[in-house]
2 protein chains.
Amino acid sequence: MRVGIDVGGTTVKVGYIENKKFIYDYEIDTKGGSLFDKVFENIKNFSKEKNIKIDFIGIGVPGHVENNYITRLPNIGLSDFDISLCAKKYFNDDIEIKSSNDANVAALGEAIYAKIKDRVFMITLGTGVGGGFVKNYKIVEGAHYSVGEIGHIVIDNKHKYKCTCGLKGCLETVSSATGIKRLAYEYQNQFDKTLIDFTNLSAKEVCDKAKLKDELALKVINEACDNLGRAMAMISLAVDPNVFFIGGGVAKCGEFLIELIKYYYRKYAHFAVKDTVIMQAALGNKAGMFGASYLWDENYREEA
Amino acid sequence: MRVGIDVGGTTVKVGYIENKKFIYDYEIDTKGGSLFDKVFENIKNFSKEKNIKIDFIGIGVPGHVENNYITRLPNIGLSDFDISLCAKKYFNDDIEIKSSNDANVAALGEAIYAKIKDRVFMITLGTGVGGGFVKNYKIVEGAHYSVGEIGHIVIDNKHKYKCTCGLKGCLETVSSATGIKRLAYEYQNQFDKTLIDFTNLSAKEVCDKAKLKDELALKVINEACDNLGRAMAMISLAVDPNVFFIGGGVAKCGEFLIELIKYYYRKYAHFAVKDTVIMQAALGNKAGMFGASYLWDENYREEA
C-alpha cells in the first residue's frame, strides 16, 4: 500500500492509499518532540496493527527539500534534516521514501486524480500562496527547486507589504488568506458599515460577505483576485499550462472565487493564452496525501 | 548540410551549417512577393550552384507557428500559411522542414552553442521583447505555443503604454528598443541638458550615453532594466532556469547593460533563485539561423 504524508504547521496528515482510494487517513498532532520520529513511529505501529504491507512512503513538506534532504522548513523550525536517515530507524530499506514540496505534491495529486497528463499548474491559496507544476504526471522542480514558488512573485505595487521572505509586495501578501485578512483591516475605515464579522475574521468570512455584495468585502476579494489573475497571466507566458487548478483553504469559497479569478486572468492574459482552463481543485485537503503517495517511480505513476 | 533560416521583418537570413560551423550565410531582401517562395527558390538555386546536399531546413519565424502552420505573423502580414506545402514546390520529400518561433530557435541556438543541457531561458531585446525556453536541447513550447512570450507580461504600472497586442503595460512597451526610445522621449523635458542625440535616437544611443553617466540616459536605462529584472525574477519562480541569456539588438550594449539587469534581478529575486546565472548571448544575430538548423530530430541534436 502507498502511504502519503502531508506535513503542516501544527498537524500532519497520513493517508493509506490503494488503487487511488484512501483506505485509512488520519491526523497526527506533532506539537513538541521530533516531528518525523513521531510520524514514522505512528505509521510503523498503525501498519503493524492493521497488518498493512507498505510499498512506499511519500512526503510533502512546507518548504525546501532536495532529495529527502530538508534545507529549510521555516514553519516547523527544521533545517538541514535528512528524512531518509530518520526513516531508517523505523523501516526496512525495501520501503522507499520520497519527498517534495507540499504544493508540488498537491499538484501531482490533482493531476493524477483528474487524469490530466498535460501541463498542470496548481495554485494553493492558504496561509501563504504556493504552487506546483506537473507534466506527464511528473513534478517539474527546476534548477533551484523553485518551479511554482509563485507566492514570492513581486506583484503588488500598491501596498508593498513586507513578506516573510524579506521582499516587499509578494503575491502572498495580498492573495493568501493572511493577505485577504490584512486588506480587510486596511480598508475597514473606508466603509461606514460592513457585514464582515471582524471578531471572527477569516478569508472565508470575507468571501462569504462578498457573495452577499458587501462593499468592503467585494473590494478586498477583487483586489486579491486581480493580483492573482495578473500573476497567473504572467505564469502562462512562462510555462503555458493547459490547466490551472486553484486549491488550498481559500478555494473553499468555491465558484464565486473561481469566476473572479477567471475574470482577472482574462483581463491580463495575452491573446494566445486567454482560454487556459481554470478550475477548482477537486481533492481539497487530501491533495497533499494523495499526491505524496504517488511520488514513487515513473512506471508506477503510469497507472494514473 | 543543415540550413537555418531566420525570418525577420524586412530581410531573411539564411545559414548553411556543418559541424556547428557556418559554411555560408547571407541575407535575402524579401520585400514584395511571396516571402517563403522567394526564400525557398533562393536556397534551391544556391545549393545547386554550390553543389550542397541539404539534409534539413529549419525556420524561425517572428510569430505564432504550430507544426509548420503559421497562424499569425503580424510583422510579415502572413496568416494561415502552410510552410510545408510551399516547400514542396522546391524540394523533395526527403528534406525535412521544421519551424518554430524566432526567440525559441535563438534559445536553442545559444543552448547548443554554449553546450548547456540544463534549463536555458533566452530573452531577446529587439523591436519587441521575446523569449524562449530550452531544456535538454529541446524547445519547450507549452499548451498554446506561448512558453517564453514574455514581452506581453503586464509589468509596467507606471506608464501603462498601449502594446501592439492590445494590452497595456506589457514588458516590451518599456524594455525593448522601442520602449527605451519611448521612455527617452517621455523624460526628455525633465532634464535641462543631455548627451543623447535625439536626431539619431536608438536604444544603443541611450545606452552609450548612460555609460557616460548622462542623467536622462541613466534614468531611462535603469527603468528598462528594473522592469526586465522584475519580470525575470517572476520567470524564475515559474520555470526556474539555470541560465538566462540576454540577446537581441539591445544586448549589444554589453556588460554595462548585463550588470544592470543582474542588479535589478537580484533586487526582486526570491532567495532560492538569487544566484541564477545571467549572461550575454554569444551568437548575436546568428543565433536564429544556428538554432533553426538544429530543429531537427532529437538524436541528431544529441551531438550538441
Item to check | Among residues of the stretch B:106-127, those that are closer than 18 Å to residue B:15 by Cβ, within 9 Å of the chain's Cα centre (by Cα) and outside any strand (DSSP E or B), counted | outcome: 2
Item to check | Of all residues in the stretch A:133-144 being assigned to a loop (DSSP other than H, G, I, E, B) and more than 14 Å from residue A:66 (Cβ to Cβ), the one that is farthest from the other protein chains (Cβ to nearest Cβ) | outcome: A:137
Next on the checklist: Looking only at the stretch B:117-126, how many residues end up being over 13 Å from residue B:102 (Cα atoms) and either more than 10 Å from every other protein chain (Cβ to nearest Cβ) or aliphatic (A, V, I, L, M) (or both)?
Outcome noted: 2
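Being under 26 Å from residue B:133 (Cα atoms), out of contact with any Pro (no Cβ under 7 Å at 6 or more places or on another chain), open to solvent by 10 Å² or more (accessible area, probe 1.4 Å) and not in a loop (DSSP other than H, G, I, E, B): is that true of residue A:130 here? Before you say what the answer is, go through the steps one by one.
Working: under 26 Å from residue B:133 (Cα atoms): yes; out of contact with any Pro (no Cβ under 7 Å at 6 or more places or on another chain): yes; open to solvent by 10 Å² or more (accessible area, probe 1.4 Å): yes; not in a loop (DSSP other than H, G, I, E, B): yes.
Criteria met by residue A:130.
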Item to check | Qualifying residues in the stretch B:155-179 (those that are open to solvent by 30 Å² or more (accessible area, probe 1.4 Å), in a loop (DSSP other than H, G, I, E, B) and touching a Cys at 6+ places or on another chain (Cβ under 9 Å)) - the one modelled with the highest pLDDT | outcome: B:161
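Just give me the residues in the stretch A:244-262 being surrounded by fewer than 19 Cβ atoms within 10 Å (Cβ to Cβ) and farther than 13 Å from residue A:177 by Cβ, in sequence order.
Filtering the stretch A:244-262 down to residues surrounded by fewer than 19 Cβ atoms within 10 Å (Cβ to Cβ) leaves A:249, A:252, A:254-256, A:258-259.
Passing the criteria: A:254, A:255, A:256, A:258, A:259.
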Checklist entry - Are any of the residues in the stretch B:267-286 in contact with a helix residue (DSSP H, G or I) (Cβ under 8 Å, 6 or more places away or on another chain), open to solvent by less than 10 Å² (accessible area, probe 1.4 Å) and away from every other protein chain (no Cβ under 14 Å)? => result no
Item to check | Failed condition for residue B:35, given (1) within 26 Å of residue B:126 (Cβ to Cβ); (2) open to solvent by 20 Å² or more (accessible area, probe 1.4 Å) | outcome: (2)
Next on the checklist: Looking only at the stretch A:159-215, filter to residues that are closer than 30 Å to residue A:148 by Cα and among the β-branched types (Val, Ile, Thr); which one of those is nearest to the other protein chains (Cβ to nearest Cβ)?
Outcome noted: A:164
Checklist entry - Taking only pairs six or more apart or across chains, which ones have beta-carbon atoms under 7 Å, a first residue in the stretch B:124-136 that is more than 14 Å from residue B:261 (Cβ to Cβ), and a second residue that is surrounded by 24 or more Cβ atoms within 10 Å (Cβ to Cβ) and among the charged types (D, E, K, R)? => result B:128/B:172; B:130/B:102
Next on the checklist: Here's a check for you: in the stretch B:74-91, which residue that is touching a strand residue (DSSP E or B) at 6+ places or on another chain (Cβ under 6 Å) and closer than 16 Å to residue B:292 by Cβ is farthest from the other protein chains (Cβ to nearest Cβ)?
Outcome noted: B:87
Checklist entry - Residues of the stretch A:53-74 being crowded, with 16+ Cβ neighbours inside 10 Å and at pLDDT 90 or above, which ones? => result A:54, A:56, A:57, A:58, A:59, A:60, A:61
Checklist entry - Restricting to the stretch B:1-44, what's the tally of residues that are charged (D, E, K, R) and in a loop (DSSP other than H, G, I, E, B)? => result 2
Item to check | Residues satisfying the stated conditions in the stretch B:70-105, i.e. out of contact with any Pro (no Cβ under 8 Å at 6 or more places or on another chain), assigned to a strand (DSSP E or B) and within 19 Å of residue B:148 (Cβ to Cβ) | outcome: B:70, B:71, B:72, B:98, B:99, B:100
Checklist entry - Among B:47, B:34, B:79, which is the only one that is more than 23 Å from residue B:107 (Cβ to Cβ), touching a Ser or Thr at 6+ places or on another chain (Cβ under 9 Å) and small (Gly, Ala, Ser)? => result B:79
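Of the residues B:151, B:248, only one is within 14 Å of chain A (Cβ to nearest Cβ) and in contact with a Leu (Cβ under 7 Å, 6 or more places away or on another chain); which?
Residue meeting the stated conditions: B:151.
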Item to check | Output for the stretch B:190-231, where each listed residue is under 21 Å from the mean Cα position of the chain (by Cα), more than 23 Å from residue B:153 (Cα to Cα) and buried (at least 19 other Cβ atoms within 10 Å of the Cβ) | outcome: B:205, B:206, B:207
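Criterion first (basic (Lys, Arg) and assigned to a helix (DSSP H, G or I)) does residue B:209 satisfy it? Step through it out loud before you land on a result.
Values: basic (Lys, Arg): yes; assigned to a helix (DSSP H, G or I): yes.
Yes.
Table: residues versus (1) at pLDDT below 95; (2) under 16 Å from residue B:61 (Cα atoms); (3) open to solvent by 10 Å² or more (accessible area, probe 1.4 Å).
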residue	(1), (2), (3)
B:102	yes, yes, yes
B:123	no, yes, no
B:126	yes, yes, yes
B:134	no, no, no
B:150	no, no, no
B:153	no, no, no
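The values are calculated or read from the model by the stated rules, or taken from the named source; none is laboratory data. What you see is a predicted model; the values in this text were computed from it and never measured. Counting neighbours? That spans all protein chains shown, and the Cβs are built from the backbone with ideal geometry, glycine included. SASA here: full protein model, heavy atoms, side chains in, ligands and nucleic acids out. Shrake-Rupley method; radii C 1.70, N 1.55, O 1.52, S 1.80 Å.
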